[in-house]
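The values are calculated or read from the model by the stated rules, or taken from the named source; none is laboratory data. All values derive from a computational prediction rather than experimental measurement. Here the Cβ positions follow ideal geometry from the backbone for every residue, glycine too, while neighbour counts run over all protein chains shown.
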Amino acid sequence: MIGDLIRRAADALRSARRITVLTGAGISAESGVPTFRGAEGLWRSFRAEDLATPEAFARDPKLVWEWYDWRRGLIAKVRPNAGHVGLARWEARFPDFVLITQNVDGLHPLAGSKAVLELHGDIWKTRCPAEGTVRENKDVPLPEIPPRCPACGGLVRPHIVWFGEALDPAVIQAAYAASRASDVMVVVGTSAIVYPAAALPLAAAEGGATIIEINPDPTPLSEQAHITLRGKAGEILPLIDQALD
Ligand code: BV8
């Protein structure tokens with residue numbers, strides 16, 4: 001059964017001109033990065049509202065930075081998995097290919113993906129709210145919590161989109177345009193409940209795209225997907241890659 005679905009997915013990709021991929025935390029799960037809403041997910045031990053919002057940061061920047069410092073420490077120890085590597089290969093294989101991710105862990109660029117639309121920012125970057133300056137910061141652990149801006153001395157924040165905050169308009173518009181224009185959209189490892197990211201596959205379907213979902217569990221997107229591959233990204237993506245050869 002899964003063999004037929006893998007072949008159908010490969011056929012759809014082979015005959016597509018424009019391909020988009022949307023990934024979520026699930027694609028990093030096999031690398032050892034906790035997801036948000038799974039059994040051992042981050043939101044199980046922390047409340048999103050207490051940590052991933054501008055209000056939480058205003059209330060207790062030290063606590064919010066301790067959480068990110070802990071996540072950065074976890075992510076620094078892991079490597080991209082076969083799922084990330086497979087998608088980096090597809091970027092080279094397909095002429096019109098756009099990778100859109102909700103993840104902030106930087107594992108797609110680390111796996112070799114060159115053009116990644118990072119909808120929710122980057123855990124390896126800080127932003128100075130006073131000047132807007134974005135800087136790369138890979139210190140693990142952070143020498144000072146909360147970290148300060150080297151230029152003005154004020155608090156810097158993670159360069160991450162929190163709940164209730166708008167995404168970078170250029171990034172979300174590019175993601176919408178690519179999704180709407182695509183012939184195939186592969187949706188990997190997302191619970192498909194966070195907007196506006198979760199609207200992208202719907203925009204792709206409206207544009208006539210074939211939606212392929214790769215996820216061990218059903219999601220609100222599953223009934224819209226044309227091909228549903230119930231499995232792990234690190235296992236399914238290499239199987240599709242083999243079927244493409
Ligand atoms: C905005 C940064 C407006 C933090 C994140 C009510 C209804 C609809 C919408 C809303 C609502 N109330 C509020 C909203 C808006 C809100 C939203 O959508 N809330 C949801 C929870 C209902 N959205 C926002 O606030 C967005 N902003 O709307 O702004 C606005 C407009 C103009 C001006 C001002 C304001 C901002 C959203 C961004 C929030 N930030 N992250 C951080 O990371 O530190 S979102 C957070 O969830 C993560 O970034 C993550 O990327 C994202 C989605 O989670 P997933 O990636 O899907 O991960 P999850 O754990 O949920 O699922 C993992 C999946 O993988 C599962 O399905 C699992 O089965 C699967 N899996 C597991 N293992 C594997 C696997 N799959 C494959 N292989 C495996 N091995």
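Computed values, structure above
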item	result
Residue within region 141-149 that is modelled with pLDDT of 95 or more, of a type in the set (Asp, Glu) and surrounded by fewer than 18 Cβ atoms within 10 Å (Cβ to Cβ) present	yes
Residue list for region 102-140, restricted to those being modelled with pLDDT under 95 and either within 16 Å of the ligand (Cβ to nearest atom) or under 16 Å from residue 74 (Cα atoms) (or both)	none
Residue count for region 37-62, restricted to those that are in contact with a Gly (Cβ under 9 Å, 6 or more places away or on another chain) and farther than 16 Å from residue 123 by Cα	3
Answer residue from region 17-47, given it is loosely packed, with under 15 Cβ neighbours inside 10 Å and in a helix (DSSP H, G or I) and is nearest to the ligand (Cβ to nearest atom) among those	44
Region 133-156 residues that are outside any loop (DSSP other than H, G, I, E, B), paired with ones that are aliphatic (A, V, I, L, M) (beta carbon under 7 Å, 6 or more apart)	148/155; 148/156
Residues of region 157-173 satisfying the condition of being part of a loop (DSSP other than H, G, I, E, B), within 21 Å of residue 23 (Cβ to Cβ) and not hydrophobic (A, V, I, L, M, F, W, C)	165, 168
Residues of region 70-98 satisfying the condition of being of a type in the set (S, T, N, Q) and part of a helix (DSSP H, G or I)	none
